[in-house]
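Reviewing the structure listed below.
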Amino acid sequence: MSNRPASYCEIKNNIIHDAPTGTYFIQNAYGQSNHITIQGNEFYSGRDVQWIYAATEADRHAIGGMDGDDWYIADNYVHDWAGDGINIYVGAAWTSHRVTITRNLIVNLNDTHNQFYHRAIAKSGDNSPTFADRTTDWLISYNIIMDCGGDISQNEGIAFRMKDGAPTSGKPTTIVNNIVSDCNFTLSEGGASAGVIFKNNISFNPKQGGY
């Protein structure tokens, strides 16, 4: 929509389909996108069609963007998507505090050639030692995730992919009361040290060879 960040935006009750990327908020020299609400939308059929989008994993999110504080992502239905469900990327020197991801239904993240990551809910970013302190107070709760596929050897098909670490202040990412089935992996935690509270979740029936 714009080459500048967009704060205080609401995206509600839309149907977004047959696109490589559903939503994407950016940061650049003008700042980052804060106070974003994405609620009650349906996203489907993000296909791996070459004339729509190049064959790359980057930015093929149904819901996502770069950085930003005070995001609320709730009550969305993401299904049959060739890429990630919800993914926020946090770059060096930027922040993503107070992110709530709740009551979303994410079903069937796959593609024909197994060339994309297929992360249902992800916190991504750089390898800065300050990353954990710049991404505190994430709450991921009451989501239902079913059927995340891809190449297990490439760590694809992950319900929760958290690039974290233990923050020196503020709350770490909290993942509670979610249901996961038929994925390659339930949780992948990529920080330098443990930085996730993971409790009261139900995970069952992983794909063959998964965890």
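Anything in region 139-151 that is at positive phi and either assigned to a strand (DSSP E or B) or of a type in the set (V, I, T) (or both)? List them, or say none.
Applying the first criterion (at positive phi) to region 139-151 yields 142, 147, 150.
D147 - this is the single residue of region 139-151 that is at positive phi and either assigned to a strand (DSSP E or B) or of a type in the set (V, I, T) (or both).
I'm trying to understand the selection: among the residues of region 116-157, which are surrounded by fewer than 16 Cβ atoms within 10 Å (Cβ to Cβ) and over 17 Å from the mean Cα position of the chain (by Cα)?
N127, S128, P129, T130, D151, S153, Q154 - these are the residues of region 116-157 that are surrounded by fewer than 16 Cβ atoms within 10 Å (Cβ to Cβ) and over 17 Å from the mean Cα position of the chain (by Cα).
Within region 154-168, track down each residue that is polar (S, T, N, Q) and closer than 12 Å to N184 by Cβ.
The first filter runs over region 154-168 and keeps only residues polar (S, T, N, Q), leaving 154-155, 168.
Residues satisfying the conditions are Q154, N155.
Restricting attention to region 160-172, does a residue exist that is surrounded by 18 or more Cβ atoms within 10 Å (Cβ to Cβ), of a type in the set (D, E) and either touching a residue at least 60 places away in the same chain (Cβ under 8 Å) or farther than 17 Å from F198 by Cβ (or both)? Before the answer, list the steps.
As a first pass, look at region 160-172 and keep what is surrounded by 18 or more Cβ atoms within 10 Å (Cβ to Cβ): 160-165, 167, 172.
Keeping just the survivors that are of a type in the set (D, E) gives 164.
From what is left, the residues that are either touching a residue at least 60 places away in the same chain (Cβ under 8 Å) or farther than 17 Å from F198 by Cβ (or both) are none.
Within region 160-172, none of the residues are surrounded by 18 or more Cβ atoms within 10 Å (Cβ to Cβ), of a type in the set (D, E) and either touching a residue at least 60 places away in the same chain (Cβ under 8 Å) or farther than 17 Å from F198 by Cβ (or both).
Give W81, W71 a once-over and let me know the one that is at pLDDT 95 or above and either within 22 Å of E156 (Cα to Cα) or open to solvent by less than 60 Å² (accessible area, probe 1.4 Å) (or both). Walk me through how you get there before you give the answer.
Numbers: W81 fails: at pLDDT 95 or above.
Matching residue, one of W81, W71: W71.
Going residue by residue through region 194-206, is there one that turns out to be modelled with pLDDT under 95 and surrounded by 23 or more Cβ atoms within 10 Å (Cβ to Cβ)?
The answer is no, given that none of the residues of region 194-206 is modelled with pLDDT under 95 and surrounded by 23 or more Cβ atoms within 10 Å (Cβ to Cβ).
Checking A122 against (1) in a loop (DSSP other than H, G, I, E, B); (2) under 19 Å from Y77 (Cα atoms); (3) of a type outside the set (D, E), only one condition comes out false. Which one?
(1)
Does D111 count as of a type outside the set (V, I, T), closer than 16 Å to V78 by Cα, touching a residue at least 12 places away in the same chain (Cβ under 8 Å) and in a loop (DSSP other than H, G, I, E, B)?
Working: of a type outside the set (V, I, T): yes; closer than 16 Å to V78 by Cα: yes; touching a residue at least 12 places away in the same chain (Cβ under 8 Å): yes; in a loop (DSSP other than H, G, I, E, B): yes.
So D111 passes the test.
Residues being surrounded by fewer than 22 Cβ atoms within 10 Å (Cβ to Cβ), under 16 Å from I175 (Cβ atoms) and either under 14 Å from the mean Cα position of the chain (by Cα) or touching a residue at least 60 places away in the same chain (Cβ under 8 Å) (or both): count how many of those fall in region 84-102.
Number of matching residues: 2.
Okay, residues lined up against (1) part of a loop (DSSP other than H, G, I, E, B); (2) out of contact with any Cys (no Cβ under 9 Å at 6 or more places or on another chain):
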| site | (1), (2) |
| --- | --- |
| S153 | no, yes |
| A159 | no, no |
| D164 | yes, yes |
| S169 | yes, yes |
| S181 | no, yes |
| S188 | no, yes |
| S203 | no, no |
| P206 | yes, no |
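The values are calculated or read from the model by the stated rules, or taken from the named source; none is laboratory data. If you're wondering where the values come from, they're calculated on a predicted model, not measured in any experiment. Every residue, glycine among them, receives a Cβ derived from its backbone with ideal geometry; neighbour counts consider all protein chains shown. Side chains included, ligands, DNA and RNA excluded: accessible areas come from the protein's heavy atoms. Shrake-Rupley method; radii C 1.70, N 1.55, O 1.52, S 1.80 Å.
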